[in-house]
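**Student:** Okay, here's the structure, questions in a sec.
The values are calculated or read from the model by the stated rules, or taken from the named source; none is laboratory data. The structure displayed is predicted, hence computed values, not measured ones. Cβ coordinates were reconstructed from backbone atoms using ideal geometry, including for glycine residues, and neighbour counts include every protein chain displayed. Areas reflect the complete protein model, heavy atoms only, side chains present, ligands, DNA and RNA absent. Shrake-Rupley method; radii C 1.70, N 1.55, O 1.52, S 1.80 Å.
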Amino acid sequence: MADEKVLDAQKWVNATYGSVAGYERCPENGRTGWGTMNSLIMGLQHELGISPVVAGFGPTTMAKVQALGEIGFGWDKNRNIVAILERGLFCKGYWAVEPDSYGWYTGVTREAVKKLRSNMGIPEGDGTVSATIFKCILNMDAYVVVAGGTDKIRDIQRWLNGRYWQKSAYNIGPCDGIYSRDVQKALMIAIQYELGIASPNGVFGPGTQAGLRNKNVGPGDSGVFVELFSAACVFNEPIGDYRTGQRGTYDDALAQYVKAFQRFSQISGDGAPSYGRGDYTTWAQLLVSMGDADRPASGSDTRFEITASRAKWMYANGYRIVGRYLYDPPGSKLDKEIKPGELKTIFDNKLKVFPIYQDNARELADFSYTHGYQHALNAHKLASEYGFNRGTVIYFAVDYDATQQEIDSAMVPYFQGVSAGLASQGKKYVHGVYGSRNVCTNVTNKTFARYSFVSGMSWGFSGNLGFTLPTNWAFNQIKEFKATNGSDVFDLDRDVWRVGSDPGSDSVNVPTGPADGFIAYIEKLYGVAVDYKSSDRSPSQLVMEYIRHAEYGNKDWQNELGWWFLIGGYDEDFVTFANSRGMTIMKEFKDPFTGYNLGAEHMMATANGHFLTPQDSQQKSANGGDVAGWGGDLMTFYADWRNSEEQYASGKAFCDAKLAVPGVASSFGFSDLIEDADGYLIARAVRDGKKTIVEAVKEHYNNGGGLRRFNNFFAGRWGTAENCKYAAHNVLTASNITLGLGRKQLIALAGAMLPTVLQNLPGGSAKLDSFEQGFVDAIVRRLGMETRSASVYRANHEKYLRAARSRAALRAQEN
């Protein structure tokens, strides 16, 4: 919506300075933006005698404004300068002057400046404007919390400004509640001042590193370094469910957060002297993307061939895995692709490997949906030729500092193309992403990248400043160095390899895929069920019951009927029979389409529930089958929200942050949603499609049935977003004995307020509606990724095919 004061500023500055040499007119649309601020800056420069004017508040402008002295109440040396200041305040949202008083620094102007200074965190004083503050008025920084910001971060921003604003190397920063590159630099400069560094510059250089090695803080300590350290901790939250706040004393709550951060970053753990303390390695990890570049690392990557001699040297020096390139594009002189026999050499020397695909990838023009699709086809071809096994993660590279705009416009479509290209070849391989923290996080959240390979050693990238490690990081590249193996010297990157993440490859040409073991298990268990010869249950139902019986078979939820009431009992004699045949419960297996580990017990409980309890024909009302799957997960997730309301007042915000978000630990995680979808689809195939569970599982995991699992789940269970929201409300509030029992167990016994009670509180219905809408949005986003990929695929694939046919026709003519 247009702001009349902003529109007035735009019209005035254009009319007043439109003919000045170098002046660039701003749009007259009533919306504040850099165009408007730059026009005001150019107007100021003209008043200061600078010619030609330029769009930037540089050193010359700063010096000339400083020469004016403090501008305050009654200052009348140049009314246009005051008018520019006042219009800048209006553009920032401050009521600067009465309409007929532009150009006079009135009491209204003074009060506006006092409010601005207070919002910045600096003393109000007499409401005067220095050159530093004038520059802040004519930029786009906000000094109140904006969308996506938090009061906790704003408090730190104001604290930094208030303590350091008069230091020469420190620039007053935004107070918008958002951790950004500027905030990161401000914190670094503050640390450098406290360390006594003569010329702070915000760079994590040798002097800063040396100083922090002597600032080991821990429980019981207090003072400014604890304040700075805890501020850095806030900027790196959350770590799972751990959060913290800035404080002056290092207490146990801060120590617990630090332990979680150290575990997540893989820099310390139980038994280590540094565990829970702010030692140098922890300081470094909080402040820069590469952290302590000399800390232990068992991972590596290189463009050089791994010969037997190099492999032996690497193993002897603590390396256990190496990233190698599938491809070296035409014209390259790097010769970086995997060489014949190299993989065997790597494996023979007890190393593992992870594949990287990079086709230039160093500028924006290298990225588009079509490029991603083509690269995926080539990566699939090459990986298959090398013999990489089904389910291997291939890391597609973004090897430059992509901005957020570039990520949105090109990187995400590129990786959607990668996903579609791999899917077109049967999803034999799973895509990962290499790039800055911001690239990895965005690509993961928007295209389901399984793991992130973070270019941490590029600590100066804007995408690594002001961004936390992605939750699904597998490798963090922290240092490039010359490896010296006798007379052989080769470049090697040190990568921290996260325990429990990408296992890498220690073999090739293994014929089975990630889900083949699970399928073989289902086949064997199904055979046992056939031999059992039940008179009242099909073999498929017995398979579901056996797998879920231990975790989802109890008959007593604190003297209620439990899972037995919701999804039926299980054949206890069959469990005994199957156990006597050597069967045990397979608890998890790897999904071939995403690379995530799936819980077989939860999935089969979901399948069992939907198999026994068909949904209503209108796809709305919830039932016991839903409680065994998505409905039960939503109940548990609702309880978590109610128990986390201090952090998440909005139910939708809680869903956006935690519901089925890849890499985020949650009671309704990404793998839970996959299990809900797969269980539902397998049950439908068995019940309505008249398939055996063996056929259903094979078709789903080996014949591509899972490629559009979210869309098929959504279409089958709800059909529309309206039905989805109705069902969510139904599962949380309906006066139904089955759903009520589920709510009692999964919500009330977790100590949370029941939704039916919440609705009767002030604002309760709106809060519950927000939560339910958050659930719907999370589901739609997941299927939307598949749908967008499919629709973009259809649109672009035809272009790709036409281009390929044209190239083929040209080659035919040339021949």
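**Student:** Do you know the relative contact order of the stretch 399-443, to the nearest whole percent, from alpha carbon pairs under 8 angstrom that are 6+ apart? Display every interim value, and only then the final one.
**Tutor:** Values: 23 pairs, mean separation 22.5, N = 45.
RCO, the stretch 399-443: 50 percent.
**Student:** Can you give the FRET efficiency for A21 and V224, using 1/(1 + (r/R0)^6), R0 = 45 Å, r = Cβ-Cβ distance, to the nearest 0.05?
**Tutor:** Taking R0 as 45 Å, the efficiency between A21 and V224 is 0.40.
**Student:** Using a cut-off of under 19 Å, list every residue of the stretch 375-404 whose amide N is near the label point 7 Å from the Cα of V508 along the Cα-to-beta-carbon line.
**Tutor:** It comes to 376-396, nothing else.
**Student:** What list of whole percents do you get for P(r) of the stretch 216-255, with Cα-Cα distances grouped in 5 Å bins up to the one holding the largest distance?
**Tutor:** Bin by bin from 0 Å, the calculated values are 6, 28, 36, 20, 8, 1.
**Student:** Based on the Cα coordinates of the stretch 368-439, what is the per residue volume of their convex hull in Å³?
**Tutor:** 72
**Student:** Output the relative contact order of the chain, whole-number percent, from Cα pairs under 8 angstrom with separation of 6+ residues. Walk me through the intermediate numbers first.
**Tutor:** Working: 1437 pairs, mean separation 58.2, N = 815.
Once divided by the residue count of the chain, the mean separation gives 7 percent.
**Student:** For the stretch 437-514, would you read off the P(r) tail past 16 Å as a percentage of all alpha carbon pairs?
**Tutor:** 62
**Student:** Normalised by the empirical 2.2 N^0.38 Å for globular proteins, what value does the Cα Rg of the stretch 585-735 take?
**Tutor:** 1.03
**Student:** Quick one: if you stick a label point 7 Å off each Cα along the C-beta vector at K167 and E572, how many nm between them?
**Tutor:** Taking the simple label geometry, K167 and E572 are separated by 7.1 nm.
**Student:** For the stretch 567-674, go through all pairs of different Cα atoms, get the mean of 1/r, take its inverse, and jot down that Kirkwood value in Å.
**Tutor:** Over the stretch 567-674, the inverse of the mean reciprocal pair distance is 15.9 Å.
**Student:** Taking only C-alpha pairs under 8 Å that are 6+ residues apart, what is the relative contact order of the stretch 393-523 in percent?
**Tutor:** 19
**Student:** At a 1.4 Å probe radius, carbon and sulfur cover how many percent of the accessible area of the chain?
**Tutor:** Answer for the chain is 50 percent, counting heavy atoms of protein chains only.
**Student:** Still on this structure: Calculate how steeply helix 34-47 sits against the longest principal axis of the alpha-carbon atoms of the chain, using the helix alpha-carbon long axis, and give the answer as 0 to 90 degrees to the nearest 10.
**Tutor:** 10
**Student:** For the stretch 232-288 and the stretch 105-169, what is the separation of their Cα centres, given in Å?
**Tutor:** Cα centres, the stretch 232-288 to the stretch 105-169: 30 Å.
**Student:** In whole angstrom, and with the biggest value first, how far do the Cα coordinates of the stretch 310-458 range along each principal axis?
**Tutor:** 44, 34, 31
**Student:** Just how far, in whole angstrom, is the stretch 701-738 from the stretch 348-410 if you go by their alpha carbon centroids?
**Tutor:** So the separation of the two Cα centres works out to 33 Å.
**Student:** So what's the angle, to the nearest 10 degrees on a 0 to 90 scale, between helix 764-814 and the longest Cα principal axis of the chain?
**Tutor:** Long axis of 764-814 versus the principal axis of the chain: about 90 degrees.
**Student:** Considering only the other residues whose Cβ falls under 12 Å of the Cβ of G125, what net charge follows from Lys and Arg at +1 and Asp and Glu at -1?
**Tutor:** Charge balance in the 12 Å sphere: 0.
**Student:** Between A67 and A550, what FRET efficiency follows from the Cβ-Cβ distance if R0 is 60 Å, with the result rounded to 0.05?
**Tutor:** With a Förster radius of 60 Å, E is 0.15.
**Student:** Turning to a different aspect of this structure: For the chain, give the magnitude of the charge dipole about the Cα centre (Cβ charges: +1 Lys/Arg, -1 Asp/Glu; no others), in debye to the nearest 20.
**Tutor:** Its charge dipole is roughly 1160 debye.
**Student:** Kindly report the accessible area of the chain per residue (heavy atoms of protein chains, probe 1.4 Å, no ligands, DNA or RNA), in Å².
**Tutor:** Each residue of the chain exposes 40 Å² on average to a 1.4 Å probe.
**Student:** Something else about it: For the chain, what does the helix formula give at 222 nm: sum of -39500 (n - 2.57) over DSSP H segments with n ≥ 4, over the residue count, nearest 500 deg cm²/dmol? Don't skip to the answer; put the middle values down first.
**Tutor:** Details: 32 runs with 395 residues, N = 815.
Dividing the helical sum by the residues of the chain leaves -15000 deg cm²/dmol.
**Student:** For the stretch 679-697 and the stretch 1-71, compute the distance between their C-alpha centroids and round to whole Å.
**Tutor:** With the stretch 679-697 and the stretch 1-71 each reduced to a Cα centre, they are spaced 68 Å.
**Student:** Net charge within 15 Å of S51 by Cβ-Cβ distance, Lys/Arg positive one each and Asp/Glu negative one each, not counting S51 itself? Walk me through the intermediate numbers first.
**Tutor:** On the way: positive: K64; negative: E24, E47.
Summing Lys/Arg as +1 and Asp/Glu as -1 gives -1.
**Student:** Two-decimal Rg/Rh of the stretch 652-747 from alpha-carbon positions, Kirkwood Rh?
**Tutor:** For the stretch 652-747, the value is 1.01.
**Student:** Using the alpha carbons of the stretch 476-559, what is the convex hull volume per residue in cubic angstrom, as a whole number?
**Tutor:** 185
**Student:** Expected output is a single nm value to one decimal: the length gained when fully extending between K312 and V203, i.e. 0.36 nm times separation in residues minus the C-alpha distance. What is it?
**Tutor:** 35.5 nm
**Student:** I would also like to ask the following. Against the longest principal axis of the chain, how steep is helix 4-17, in degrees 0 to 90 to the nearest 10, with axes from Cα atoms?
**Tutor:** 50
**Student:** Send over the per residue convex hull volume for the stretch 1-144, Cα only, as a whole number of Å³.
**Tutor:** 97
**Student:** Where a ≥ b ≥ c are the square roots of the eigenvalues of the C-alpha gyration tensor, would you call the stretch 115-248 rounded, which needs a/c under 1.5, or, failing that, prolate if a/b is larger than b/c, or oblate? Spell out each step's value before the answer.
**Tutor:** Numbers: a/c = 1.89, a/b = 1.28, b/c = 1.48.
Oblate is the answer for the stretch 115-248, as a/c is 1.5 or above yet b/c matches or exceeds a/b.
**Student:** Using semi-axes √(5λ) of the Cα gyration tensor in Å as the read-out, say which of (1) 115, 34, 26; (2) 100, 40, 24; (3) 51, 35, 28 was calculated from these coordinates.
**Tutor:** Answer by label: (3).
**Student:** With Cβ to Cβ distances under 13 Å as the rule, what net charge do the other residues near Q773 carry (K, R +1; D, E -1)? Please list the in-between numbers first.
**Tutor:** Working: positive: K652, K725, K767, R781; negative: D656, E722, D769, E772, D777.
With Lys, Arg at +1 and Asp, Glu at -1, the net is -1.
**Student:** Could you please tell me the mean projected area of the C-alpha convex hull for the stretch 522-632, averaged over all directions and given in square nanometres to one decimal?
**Tutor:** 8.3
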